[in-house]
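> I have a structure I would like to understand better, so I am pasting it below and will then ask my questions one at a time.
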Amino acid sequence: MNVLLLTLAYPEGENARNIYTDLMQEFKDRGNNVYVICQRERRHGKPTELKMEKGINVLRIKTGNITKTNIIEKGIATLLLESQFIWAIKKYIGSIKFNLLIYSTPPITFERVVKFIKRISNCKTYLLLKDIFPQNAVDIEMMKKNSLLWQYFRAKEKRLYAISDYIGCMSKANVEYVLKHNPEIDANKVEVCPNCIKPAPLLSHNNKDLNMRQKLGIPNDAVVFIYGGNLGRPQGIGFLLEVLDYIKERDDIFFLIVGSGTEYGRIEQYIKNNKQRNVKIIKSLPKEEYDRLLVCCDVGLIFLDHRFTIPNFPSRLTAYMESAIPILAATDVNTDIKDVLYEAECGMWAESGDLVNFIKLIDKFAKDANMRKQMGLNGRKYLEKNYTVSRGYDIITAHFKVDFGVDKNCLRTNVC
């Protein structure tokens, strides 16, 4: 069948990969004709272009800067997305009829694009809900509830849910949240479809790349806690800085921060001002290099702002599991990522803002190498059972097998 993905998170580059590239490769490998539409931000200086990438037709549309920019530019660029996407679809792939349209949030403003494609292709639609907006903005006080801006985006959100044939949420708590706050939605069309990847072969942790540690100025015998991902207001960076300040005199642990975002400069300035030797911040790395770095580390970190009422579920969880390193999370109480950590026996959790308990957990990880190793292997095992693109593919396509005349038995054999 012809499958189309709309997303703002489809990295460019031969070795670039994330949950969406892995999922679309799975669709291709299962015999589908796959198209992807994504943005190509103005900062890259490249035009709109349709080209083949690893057997997948990728239409990269020149847009304004949406990521790594100020809130005004981000807002304007986001509002222009729908018109830009519809224009490019008409020009480049308007003659293609799709059987299945998959799209992810953010942004919530894909609603008009989805409606347009659904009308011209009469296709089925599947929403991968990765971001509950505008409530997440309300939670961290970036938007006021019931304001005109909130009403605009809330209406967009409801319309997007309404035109989606199915909605795949990252976790059970997300399903419950969506249905509780949108009672008009048919519960039968909302399900768990978690963040999924195609796990790379597991590298040995017995041969850590000490050269990489030395290059970064990390002591060979230090226990390395790594945070990789977005550095913005949703991560509750204030608490991270409290943690860094508390452990600044310790030489048995080292904090490595890899990422970008609006709070990057704040963290960088803190480190410079305090001349802290057991922490280092690095701009975002290519995925392949970041994966090699993860294997050199001992514990993966997850941070979320304590004010969130929506159950965020960061995708970096799968990266840590893939590399078989245990996880230490500091989040709000509403996310069920803490339940996954305990169910999988792959990590520990403290409420964001609870410095005393968080430091206690750091000490536990720092003192027990055997625990770290076992938790890491537990996480890898849990990933291979629950968070693979093969499972994600089956969850999504199970609803459409009859419509496309495919034998449901193929779900068991993976041959369709």
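> Select from segment 36-81 the residues that are part of a helix (DSSP H, G or I) and either outside the structural domain of E141 (by TED's automatic domain parsing) or among the aliphatic types (A, V, I, L, M) (or both) and write down the one among them that is farthest from T105 (Cα to Cα).
It comes out as I72.
> Against the condition buried (at least 18 other Cβ atoms within 10 Å of the Cβ) and either over 27 Å from L361 (Cα atoms) or at pLDDT 95 or above (or both), how does I197 come out, does it pass?
Considered against the rule, which asks whether it is buried (at least 18 other Cβ atoms within 10 Å of the Cβ) and either over 27 Å from L361 (Cα atoms) or at pLDDT 95 or above (or both), I197 comes out as yes.
> Another question, then. Assess whether G379 counts as being surrounded by 20 or more Cβ atoms within 10 Å (Cβ to Cβ), assigned to a helix (DSSP H, G or I), assigned by TED's automatic domain parsing to the domain that holds R30 and not aromatic (F, W, Y).
In short, no.
> A further question follows. Does any residue of segment 24-35 turn out to be aliphatic (A, V, I, L, M), in contact (Cβ under 8 Å) with a residue 60 or more places away in the chain and in a helix (DSSP H, G or I)?
no
> Would you tally the residues in segment 154-203 being touching a helix residue (DSSP H, G or I) at 6+ places or on another chain (Cβ under 9 Å), outside any helix (DSSP H, G or I) and over 30 Å from C296 (Cβ atoms)?
Counting residues in segment 154-203 that are touching a helix residue (DSSP H, G or I) at 6+ places or on another chain (Cβ under 9 Å), outside any helix (DSSP H, G or I) and over 30 Å from C296 (Cβ atoms) gives 13.
> Can you name the residue in segment 45-69 that is in contact (Cβ under 8 Å) with a residue 12 or more places away in the chain and surrounded by fewer than 13 Cβ atoms within 10 Å (Cβ to Cβ) and is also nearest to the chain's Cα centre (by Cα) among such residues?
K54
> When residues of segment 342-387 are filtered for being within 21 Å of the chain's Cα centre (by Cα) and of a type in the set (F, W, Y), how many remain?
Residues flagged as within 21 Å of the chain's Cα centre (by Cα) and of a type in the set (F, W, Y) within segment 342-387 amount to 4.
> Report, by residue number, each residue of segment 322-352 that is in contact (Cβ under 8 Å) with a residue 60 or more places away in the chain and either in contact with a Pro (Cβ under 8 Å, 6 or more places away or on another chain) or small (G, A, S) (or both).
E322, S323, A324, A330, N334, T335, D336, I337, S352
> Taking V192 as the residue in question, decide whether it is surrounded by 15 or more Cβ atoms within 10 Å (Cβ to Cβ), within 25 Å of D339 (Cα to Cα) and out of contact with any Pro (no Cβ under 7 Å at 6 or more places or on another chain).
no
> A further question follows. Please state which one of Y126, Y103 is touching a Gly at 6+ places or on another chain (Cβ under 8 Å), assigned by TED's automatic domain parsing to the domain that holds G31, at pLDDT 85 or above and under 20 Å from K189 (Cα atoms).
From the options Y126, Y103, the qualifying one is Y126.
> Then there's this: Of the residues in segment 322-338, how many are within 15 Å of I140 (Cα to Cα) and over 16 Å from the mean Cα position of the chain (by Cα)?
The qualifying residues number 3.
> Restricting the first residue to segment 239-261 and requiring it to be over 30 Å from I66 (Cα atoms) and among the aromatic types (F, W, Y), which pairs with a second residue that is modelled with pLDDT of 90 or more and part of a loop (DSSP other than H, G, I, E, B) meet a Cβ separation below 8 Å and a spacing of at least six or different chains?
That search, which allows pairs on different chains as well, returns F254/A222; F254/N278.
> Being among the hydroxyl-bearing types (S, T, Y), assigned to a helix (DSSP H, G or I) and under 21 Å from I327 (Cα atoms): is that true of Y227 here?
So Y227 fails the test.
> Of everything in segment 152-192, what is touching a Cys at 6+ places or on another chain (Cβ under 9 Å) and of a type outside the set (D, E, K, R)? Give them in sequence order.
Scanning segment 152-192 gives Y166, I167, G168, C169, M170, V175, Y177, V178, V190, V192.
> Which condition number does R119 fail, the rest of (1) part of a helix (DSSP H, G or I); (2) surrounded by 17 or more Cβ atoms within 10 Å (Cβ to Cβ) being met?
Tallying (1) part of a helix (DSSP H, G or I); (2) surrounded by 17 or more Cβ atoms within 10 Å (Cβ to Cβ), R119 fails exactly one: (2).
> Given the residues S171, S164, which is the only one that is among the small types (G, A, S) and touching a residue at least 60 places away in the same chain (Cβ under 8 Å)?
Result of the check over S171, S164: S171.
> While we're here: Quick one: which residue in D354, D298, D332, D291 is under 30 Å from E12 (Cα atoms), charged (D, E, K, R), in contact with a strand residue (DSSP E or B) (Cβ under 9 Å, 6 or more places away or on another chain) and not assigned by TED's automatic domain parsing to the domain that holds N15?
None of the other options fit; the residue is D298.
Residue-wise test of (1) crowded, with 19+ Cβ neighbours inside 10 Å; (2) within 21 Å of the chain's Cα centre (by Cα); (3) under 20 Å from F110 (Cα atoms).
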| position | (1), (2), (3) |
| --- | --- |
| M142 | no, yes, no |
| N146 | no, no, no |
| L160 | yes, yes, yes |
| I167 | yes, yes, yes |
| K172 | no, yes, no |
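> Another one. Going through Q151, Q84 one at a time, which residue ends up being at pLDDT 95 or above and in the same structural domain as Y393 (by TED's automatic domain parsing)?
Being at pLDDT 95 or above and in the same structural domain as Y393 (by TED's automatic domain parsing) holds for just one of Q151, Q84, which is Q151.
> Filter segment 261-314 down to residues that are among the small types (G, A, S) and surrounded by fewer than 18 Cβ atoms within 10 Å (Cβ to Cβ) and give me whichever is nearest to L202 (Cα to Cα).
Filtering segment 261-314 for residues that are among the small types (G, A, S) and surrounded by fewer than 18 Cβ atoms within 10 Å (Cβ to Cβ), the one nearest to L202 (Cα to Cα) comes out as S284.
> Looking at this structure, is T109 closer than 22 Å to C169 by Cβ and either among the basic types (K, R) or under 25 Å from the mean Cα position of the chain (by Cα) (or both)?
Answer is yes for this residue.
> Can F239 be described as in the same structural domain as V333 (by TED's automatic domain parsing), under 15 Å from R277 (Cα atoms) and modelled with pLDDT of 95 or more?
no
The values are calculated or read from the model by the stated rules, or taken from the named source; none is laboratory data. Source: prediction; values computed, not measured. Don't worry about glycine lacking a Cβ; one is built from the backbone with ideal geometry, like all the others, and counts go over all protein chains shown.
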